[in-house]
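One structure is given here, and the rest of the page talks about it.
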Amino acid sequence: MTTPQLIETARLRLSPLAPGDAAEFHTLMIEPGVRRYLCDDQIMPREWADEVIAGSDANFAAHGWGLWAARERGAASLRGVAGFMEFFDPPVLQLLYALHPSVWGHGFATEASRALIGDAFDRLGFAQVVAATDPPNTASIAVMKRVGLRLVEETIKNGKPAVIYAINRDDWRP
């Protein structure tokens, strides 16, 4: 499976998250508003960022999916990440996105998610894209709804409340 080296949207450049992104990725993931929902509010150690990037690299090589660094066109600094990662026990492959608070409300999560859902259906042949979040994460739920995902379940995962959203390939409208 060939992974593109770049996915471009109207305002973003998405490239596979790389070891050189580790410091910026770690800084992003320890931001209080970001870690609140994605890391259960834990401050992850710097080595964790390296492990996540190595796992993403392995998933790109084996499956064609992983995490993408999101940068504004013409800018060098990391604005966020988006892509696919396994969560829960047993693992469920899910769409995720994390943006720096300085760009919240600019539509970048929606823009990146649309591009990656399209890639999942077109290049990767997914039958369905799933995303989950904590019920109070209304901003993430709004992104899921904007890109066409629908609520399929309110549940407890790993001992915590979660809402699960999904879209099937047949329902996808880019």
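The values are calculated or read from the model by the stated rules, or taken from the named source; none is laboratory data. Keep in mind it's a predicted model, so treat the numbers as computed, not measured. Backbone-built Cβ (ideal geometry, glycine too); neighbour counts: all protein chains shown.
Values for this structure:
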quantity: Candidate set from segment 123-138 (those that are within 16 Å of residue 97 (Cα to Cα) and either within 14 Å of the chain's Cα centre (by Cα) or of a type in the set (D, E, K, R) (or both)); member that is surrounded by the fewest Cβ atoms within 10 Å (Cβ to Cβ); calculated: 134
quantity: All positions within segment 61-73 that are hydrophobic (A, V, I, L, M, F, W, C) and either modelled with pLDDT under 95 or surrounded by fewer than 19 Cβ atoms within 10 Å (Cβ to Cβ) (or both); calculated: 61, 62
quantity: Restricting segment 2-22 to residues that are of a type in the set (Ser, Thr, Tyr) and surrounded by 12 or more Cβ atoms within 10 Å (Cβ to Cβ), the residue that is nearest to residue 115 (Cα to Cα); calculated: 9
quantity: Pairs, first without any contact (Cβ under 8 Å) to a residue 24 or more places away in the chain in segment 76-98, second of a type outside the set (Val, Ile, Thr), C-beta under 8 Å, six or more apart; calculated: 86/93; 86/94
quantity: Matching residues in segment 74-99 - criterion: being in a loop (DSSP other than H, G, I, E, B), under 13 Å from residue 11 (Cβ atoms) and at pLDDT 95 or above; calculated: 79
quantity: Residue match in segment 131-150 (condition: hydrophobic (A, V, I, L, M, F, W, C), at pLDDT 95 or above and assigned to a loop (DSSP other than H, G, I, E, B)); calculated: yes
quantity: Single match in 92, 81 (criterion: among the aliphatic types (A, V, I, L, M), touching a strand residue (DSSP E or B) at 6+ places or on another chain (Cβ under 9 Å), surrounded by fewer than 22 Cβ atoms within 10 Å (Cβ to Cβ) and closer than 22 Å to residue 35 by Cβ); calculated: 92
